[in-house]
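Working notes for the structure below.
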Amino acid sequence: QVQLVQSGGGLVQAGGSLRLSCAASGLTFSRYAMAWFRQAPGKEREFVAVITGPGAGTTYAASVKGRFTISRDNAKNRVYLQMNSLKPEDTAVYYCAAGSTYSILGRDYVYWGQGTQVTVSS
């Protein structure tokens with residue numbers, strides 16, 4: 001059974017940092033592109049970042065570029081999202097996802113984590 005289990009969310013003040021973690025099991029982790037998406041209440045799901053299976057390439061949404069860093073540790077079957085200089089606009093439920101292709105589209109991802117709340121106060 002494929003599982004993506006997330007941790008690391010929470011409440012932080014604007015300008016602060018959080019690190020999200022997503023632990024994968026039941027799949028050959030290094031073969032999958034791993035991505036982060038987020039969704040705020042009443043808004044559509046939004047792409048945040050993606051990293052290739054080997055970890056050689058990354059793509060970021062313009063809204064987070066320069067502030068967020070996606071990384072992965074294939075030996076630990078984990079993907080991370082380091083979030084710095086957080087803004088209230090970053091408040092959302094964040095989801096990790098695994099897919100067989102490198103994509104910014106949610107529909108290209110087959111496996112999803114349970115989501116974790118990130119709240120940034122002003």
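Quick check, is Leu20 surrounded by 14 or more Cβ atoms within 10 Å (Cβ to Cβ), hydrophobic (A, V, I, L, M, F, W, C) and touching a Gly at 6+ places or on another chain (Cβ under 7 Å)?
Working: surrounded by 14 or more Cβ atoms within 10 Å (Cβ to Cβ): yes; hydrophobic (A, V, I, L, M, F, W, C): yes; touching a Gly at 6+ places or on another chain (Cβ under 7 Å): yes.
Against the criterion (surrounded by 14 or more Cβ atoms within 10 Å (Cβ to Cβ), hydrophobic (A, V, I, L, M, F, W, C) and touching a Gly at 6+ places or on another chain (Cβ under 7 Å)), Leu20 qualifies.
Residues checked against (1) closer than 21 Å to Gln13 by Cα; (2) modelled with pLDDT of 95 or more; (3) part of a helix (DSSP H, G or I):
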position: Lys43; (1), (2), (3): no, yes, no
position: Ala56; (1), (2), (3): no, no, no
position: Ser63; (1), (2), (3): yes, yes, no
position: Ser71; (1), (2), (3): no, yes, no
position: Ala97; (1), (2), (3): no, yes, no
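Hey, does the range 20-27 have a residue that's in contact (Cβ under 8 Å) with a residue 40 or more places away in the chain and assigned to a helix (DSSP H, G or I)?
Just the residues of the range 20-27 that are in contact (Cβ under 8 Å) with a residue 40 or more places away in the chain, to begin with: 20-25, 27.
Right, trim to assigned to a helix (DSSP H, G or I) and you get none.
No, the range 20-27 has no match at all.
Mind listing just one residue for me: the one in the range 30-57 that is of a type outside the set (D, E, K, R), within 21 Å of Ser100 (Cβ to Cβ) and out of contact with any strand residue (DSSP E or B) (no Cβ under 8 Å at 6 or more places or on another chain) and, of those, surrounded by the fewest Cβ atoms within 10 Å (Cβ to Cβ)?
Filtering the range 30-57 down to residues of a type outside the set (D, E, K, R) leaves 30, 32-37, 39-42, 47-57.
Now restrict to residues that are within 21 Å of Ser100 (Cβ to Cβ): 30, 32-37, 47-57.
Checking which are out of contact with any strand residue (DSSP E or B) (no Cβ under 8 Å at 6 or more places or on another chain) leaves us with 30, 54, 56.
Working: Ser30: 14, Pro54: 11, Ala56: 7.
The residue in question is Ala56.
The values are calculated or read from the model by the stated rules, or taken from the named source; none is laboratory data. These numbers were taken from a predicted model, which means no experiment stands behind them. Cβ: placed from backbone, ideal geometry, glycine included. Neighbour counts: every protein chain shown.
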